[in-house]
1. Name every residue in the range 34-63 that is part of a loop (DSSP other than H, G, I, E, B), of a type outside the set (Lys, Arg) and exposed (fewer than 15 other Cβ atoms within 10 Å of the Cβ), in order of residue number.
2. Among the numbered criteria (1) away from the ligand (no atom under 12 Å from the Cβ); (2) out of contact with any Asp or Glu (no Cβ under 7 Å at 6 or more places or on another chain); (3) touching a residue at least 40 places away in the same chain (Cβ under 8 Å), which one does residue 279 miss?
3. Pick out, from the range 262-346, the helices (runs of 4 or more DSSP H) lying fully within it that include 2 or more residues that are surrounded by fewer than 14 Cβ atoms within 10 Å (Cβ to Cβ).
4. Identify, from the list 294, 270, 227, the residue that is of a type in the set (S, T, N, Q), within 16 Å of the ligand (Cβ to nearest atom), touching a Phe, Trp or Tyr at 6+ places or on another chain (Cβ under 6 Å) and farther than 25 Å from residue 325 by Cβ.
5. Here is a list: 187, 215. Which entry is of a type outside the set (Lys, Arg), assigned to a loop (DSSP other than H, G, I, E, B) and either surrounded by fewer than 22 Cβ atoms within 10 Å (Cβ to Cβ) or more than 16 Å from the ligand (Cβ to nearest atom) (or both)?
6. Is it the case that the range 92-103 has a residue that's among the small types (Gly, Ala, Ser), at pLDDT 95 or above, under 26 Å from residue 280 (Cα atoms) and over 18 Å from the mean Cα position of the chain (by Cα)?
7. Being part of a strand (DSSP E or B) and either surrounded by fewer than 17 Cβ atoms within 10 Å (Cβ to Cβ) or hydroxyl-bearing (Ser, Thr, Tyr) (or both) is the filter here; which residues of the range 67-104 pass it?
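The values are calculated or read from the model by the stated rules, or taken from the named source; none is laboratory data. Computed from a prediction, not measured in an experiment: that's the story for all the values here. All Cβ positions, even for glycine, are placed from backbone atoms using ideal geometry, and neighbour counts span all protein chains on display.
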Amino acid sequence: MKTLILGGDGYLGWPTCMYFANLGHEVYTVDNFCKRQIELEVGVTPLNKVFTLQERIDFWNKNSNNKIELFTGDILNHKFLYEILEKIKPENIIHYAEQPSAPYSMADRQKAYFTQSNNVLGNLNLLFAMKKYCKDAHLIKLGTMGEYGTPNIDIEEGWLDIEHKGRKEKILYPKKPNSFYHLSKVHDTNNIEFCCRNWGLKSTDLNQGVVYGFHTKETMLDEKLQTSFHYDEVFGTVINRFITQAVLGKNLTVYGKGGQQRGYLNIMDTLNCVRMASENPPDAGEFNIFNQFTETFTVSDIAFKIQKALDKINLKIKIDNLKNPRNELEEHYYNPSNDKFIKLGLKPHLFNDELIISFYKFVKNYENVINKNIIDPKISWSK
Ligand code: USQ
């Protein structure tokens, strides 16, 4: 099967390229390296040395029979995208090529503008390119659980059956996100649903929770195949940050009261979920939405779990409740469904003591290169 992976240089994009190549797919990938540019702009680097995408692909292709082909360019340039889709005619398109940081999108007008124009218009170009060159392809789009926000009712998988004044309708679940980044994914969802309904495209929107972890089967094969691991405020997700802070012996930075609850998943489960989505395409004209997470925790739960697990190896980790730089509810109801992946047979990797200890030991190898100046939050999501 021909699979095009947009955003192949990213934290999830690169492991997905190798994983699908190993599944026997013909893998093509695209990247414009805008995340590396933002790293330079905000002055952060990953924990590990991340080889260039060209070096990683060269290394992979020399050591594997399942080759990956790279196209360097920007999907905001529709002619570039059209040429690729016309040439390859992919059957599967996995779209990660978006600015992924909520804090970055909240820093100022220019960064909010960049996030929404980059994400929404790139996705729109993709929809037009699919209509023109590969209408039957399955678009697997990485959305986010943050599209829903934290509503006071159960979170269904994308759709909601409602009854209003005696009449019934199935509507897209109402969205109330907390950042311009999360809003960009809401706008994408609306555009994709429209194109499925109007043009007969088929798509699965993966509303993914917060991803953590470093390793996948393929990234572990060689240091040159590693993916990027961030622990800074802009790109580091909370579990990756807390583990790094624990390695430094620094107090864990719980924002506010710590009752903010989210869905979480291990990076290896991201790959499993994306595979399952690709194996279960919807019919033409159908728009599927899966909630992609395995466990839900409050931020305090995470900090306590890390504290308890590392106590087993005699490490005393302390927790700080910092003034929350974000505008978000710190105590709230949260009950999202992830039934669809569970019914498809997802066997989650759990965030347990064993995993926490081995994750800690791995990050400990990098202790001397951790930049202590990029840990505390500096971006205010001001009212
Ligand atoms: N948090 C802390 N301390 C920290 C960092 C974060 O308490 O040092 C809290 C945040 O306030 C938030 C929660 O942890 O309540 C999660 O924050 P995060 O930075 O790990 O995740 P978030 O900004 O929501 O974004 C990440 C990814 C994004 C993805 C999203 C999934 O960067 O690409 O879409 O997770 S979700 O959160 O489900 O929308």
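1. Scanning the range 34-63 gives 43, 52.
2. Checking residue 279 against (1) away from the ligand (no atom under 12 Å from the Cβ); (2) out of contact with any Asp or Glu (no Cβ under 7 Å at 6 or more places or on another chain); (3) touching a residue at least 40 places away in the same chain (Cβ under 8 Å), the one that fails is (3).
3. The helices (runs of 4 or more DSSP H) meeting that bar are 299-311, 339-343.
4. 227
5. The conditions single out 215.
6. For the range 92-103, residues among the small types (Gly, Ala, Ser), at pLDDT 95 or above, under 26 Å from residue 280 (Cα atoms) and over 18 Å from the mean Cα position of the chain (by Cα): absent.
7. Listed by number, the residues that qualify are 69, 72.
One line per residue, one yes/no per condition, for (1) touching a residue at least 12 places away in the same chain (Cβ under 8 Å); (2) outside any helix (DSSP H, G or I); (3) buried (at least 20 other Cβ atoms within 10 Å of the Cβ); (4) out of contact with any helix residue (DSSP H, G or I) (no Cβ under 6 Å at 6 or more places or on another chain):
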| residue | (1), (2), (3), (4) |
| --- | --- |
| 114 | yes, no, no, yes |
| 130 | yes, no, yes, yes |
| 140 | yes, yes, yes, no |
| 157 | yes, yes, no, no |
| 169 | no, yes, no, yes |
| 174 | yes, yes, no, yes |
